[in-house]
Amino acid sequence: MSSVDFWGKKFHVVTYGCQMNVHESEKIRGLLYNLGMIESNDIEDADVVVFNTCCIREGAEDRAYNNIMALKKVKQADKSKIIVVCGCMPQQKNGKYNLKTKLPFVDIIIGTHNINMLDKYLLKFDETHKRIIDIMETPVASMDNVKSVRDDKTNAYVNIIYGCDKFCTYCIVPYVRGREKSRPVKEIYDEVKDLVQNQGYKFITLLGQNVNSYGKDLEEKMTFSTLLNQLCTIEGDFKIKFMTSHPMDFSDDLINVMKTQPKVAKALHLPVQSGSSKVLARMNRHYDIKHYMRIIKKVKHAIPNISLSTDIIVGFPGETERDFNQTMKLIKRVKYDQIFAFMYSKRTGTPAAEFLDQIDERTKSIRVNKLLRQQKLIQKDQVKKYFNRTYNCLIKQINGVAVGITDGGKEIYIPTYRYNNQNYFADIKVEDVRNHKLSGVIVR
Ligand code: 5AD
Ligand code: SF4
């Protein structure tokens, strides 16, 4: 069977989860375009529907499962439709849903390690019409050489390291994404160069579960800071962001690169997970709050305009009111620009799922709401810090108004500016803060 059978047929990709999955779906789209297929916005009208799933929390699994289920009737009415489920959910052992038995109308089920074979599986299914279920224990090949089809024309995701070796006790990622594997520097360099110089991207976001581990597994050892320095030698008007960082591996070198390289965005996502050192130890995070605060202090000192964000889990097993209050205290101290707060979700197969002192759902919900309410107040107050400061921003036009976007994603309106182009970086001094909105003038 040849790919001719797929020419002109329509596909639709549904993505759940993190930026890694979003980027993986850009590659899945690349694979399907390569088969001569075209993309459809209409899931019911598509000949091939791919669900790229996530299992980081129960909610993500429920959402994906319910949406796949919703397609059952459509499949029954049109047997020629091909449904694929891939990503983290199938890769999970003993997950909440046994996809194989619960979703008999799904034609192809594959895990995270063989997603690069999706096109071949489609061709095979087209020939045999036999259900394909293929979950592998280790990666068969990467998608590094598959062309990504990106919707976003400003920011491009680029993988630098896959997998995770950290084994935080709550987290399923190391089990479904495997061991850390860095991409060779040259490959990353060439991809970034092409995105900046040939495709006009202004932001490059380097992706990895833990970017600070980059290079440890390479034959020619490398550090993440060295990689950043090398990428900054690429000519062009662009900036580099990265996520996610782990406080344990976060080095002074990296702070220095962030400070001194104008091409490195002044934004840092540094998950803390909890404000209690006792909870952090049970999470197997390998740092305490003293260590974390030391990093924050150094970063703020080196880069006063830094935009900080974090991830927090509330209701981890054994979290007392006192532990939770320490998390409340921490966000008041750090004053993040943004926090992502999650209720702890038990993941089968992880050590924390076996801890006996689980917290009830009601307490988790009360705590997460309290935390988010507090953060809202902090953010309202935080806008004041922008006043009279100068930020290097990407100039955009939004609804006919010139706007500067800071590295942290904050919008600064430039009411007096008569632009005739956009998509370049300029320094904007904030002159007014009103109703939590910022406005300013271009100073350079
Ligand atoms: N329950 C709740 N949140 C979790 N995260 C990871 N695993 C879990 C879990 N079992 C959160 C962490 C991580 C983010 C991507 O998801 O905060 O940084
Ligand atoms: Fe999960 Fe921890 Fe790895 Fe992040 S560092 S992916 S939270 S195990």
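The values are calculated or read from the model by the stated rules, or taken from the named source; none is laboratory data. All of these numbers come straight from a predicted model, not from anything done at the bench. FYI the Cβ positions are ideal-geometry reconstructions off the backbone, even for glycines, and counts take in every protein chain you see. Accessible surface areas use protein heavy atoms only, side chains included; no ligands, DNA or RNA. Shrake-Rupley method; radii C 1.70, N 1.55, O 1.52, S 1.80 Å.
I'd like to check one number: the per residue accessible area of the stretch 335-407, probe 1.4 Å, reported in Å² as a whole number.
54
Within the stretch 118-262, what whole-number % of the accessible surface is contributed by carbon and sulfur, with the 1.4 Å probe and all protein chains included in the calculation?
Looking at the stretch 118-262 in its full context, I get 50 percent from C and S.
Explain nothing, just compute: Karplus ³J(HN,Hα) = 6.51 cos²θ - 1.76 cosθ + 1.60, θ = phi - 60°, for every residue of the stretch 399-415 in order, whole Hz, x for Gly and Pro.
6, x, 10, 6, 9, x, 9, 6, 4, x, x, 7, 9, 10, 6, 10, x
So how do 128-141, 152-165 stack up, highest first, on mean other-Cβ count within 10 Å?
For the peptides 128-141, 152-165, the packing ranking is 152-165, 128-141.
What residues qualify as long-range amide H neighbours of VAL14, i.e. H under 5 Å apart, gap of 5 or more or another chain, H built at 1.01 Å from N?
HN-HN under 5 Å from VAL14: VAL50, PHE51, ASN52.
Going 7 Å from the Cα of ASP5 along its beta-carbon direction, which residues of the stretch 68-89 have the amide nitrogen within less than 15 Å of the resulting point?
Residues passing the 15 Å test: 79-83.
Once the dipole of the chain is set up with Lys and Arg at +1 and Asp and Glu at -1 on Cβ about the Cα centre, which of PRO262, GLN375, GLY178 lies farthest towards its positive end?
GLN375
In whole angstrom, and with the biggest value first, how far do the Cα coordinates of the stretch 222-273 range along each principal axis?
Largest first, the stretch 222-273 extends 37, 21, 15 Å along its Cα principal axes.
Residues of the stretch 238-318: accessible area per residue at 1.4 Å, in Å²?
Ligands and nucleic acids excluded, the figure is 35 Å² per residue.
Where does the chain land at 222 nm, in deg cm²/dmol rounded to the nearest 500, when only DSSP H runs of n ≥ 4 count, each adding -39500 (n - 2.57), divided by all residues?
Working: 14 runs with 144 residues, N = 444.
Result for the chain, helices only: -9500 deg cm²/dmol.
If you put +1 on each Lys and Arg Cβ and -1 on each Asp and Glu Cβ, how big is the dipole of the chain around its Cα centre, in Debye rounded to 20?
Computed about the Cα centre, the dipole is about 1700 debye.
Short version: what are the Cα gyration tensor semi-axes of the stretch 254-322, square root of 5 times each eigenvalue, largest first, in whole Å?
Ellipsoid half-lengths, sorted descending, are 28, 11, 9 Å.
So what does log10 I(q)/I(0) come out to for the stretch 359-444 at q = 0.15, 0.19, 0.21, 0.23 Å⁻¹, using the Debye formula with one equal point on every Cα and no solvent?
Debye curve over Cα of the stretch 359-444, log10 I(q)/I(0) at q = 0.15, 0.19, 0.21, 0.23 Å⁻¹: -0.59, -0.78, -0.90, -1.03.
For the stretch 39-164, what is the Kirkwood hydrodynamic radius in Å, using each pair of distinct C-alpha atoms?
15.7
Cross-link list LYS259/LYS300; LYS166/LYS278; LYS75/LYS100; LYS73/LYS96; LYS332/LYS370; LYS9/LYS102: which exceed 20 angstrom alpha carbon to alpha carbon?
LYS73/LYS96; LYS9/LYS102
Give the Rg/Rh ratio for the stretch 260-388, taking Rg as the radius of gyration of the Cα atoms and Rh as the Kirkwood radius, to two decimals.
Over the Cα atoms of the stretch 260-388, Rg/Rh equals 1.00.
Quick one: work out the % antiparallel among DSSP beta bridges in the chain, nearest 5.
Of all bridge pairs located within the chain, approximately 35 percent are antiparallel.
From the residues VAL106, GLY59, GLN91, which one has its Cα farthest along the dipole of the stretch 57-116 in the positive direction, the dipole being from +1 and -1 charges on Cβ of Lys/Arg and Asp/Glu about the Cα centre?
Projecting each Cα onto the dipole axis, the largest value belongs to VAL106.
Could you give the dipole magnitude of the stretch 152-305 about its Cα centre, charging the beta-carbon of Lys and Arg +1 and that of Asp and Glu -1, in debye to the nearest 20?
The calculated dipole for the stretch 152-305 is roughly 760 debye.
Grab the eigenvalues of the alpha-carbon gyration tensor for the chain, scale each by 5, take roots, and send me the semi-axes largest first in whole angstrom. The partial results should precede the final answer.
On the way: eigenvalues 266, 168, 94 Å².
Rounded to whole Å, the semi-axes are 36, 29, 22.
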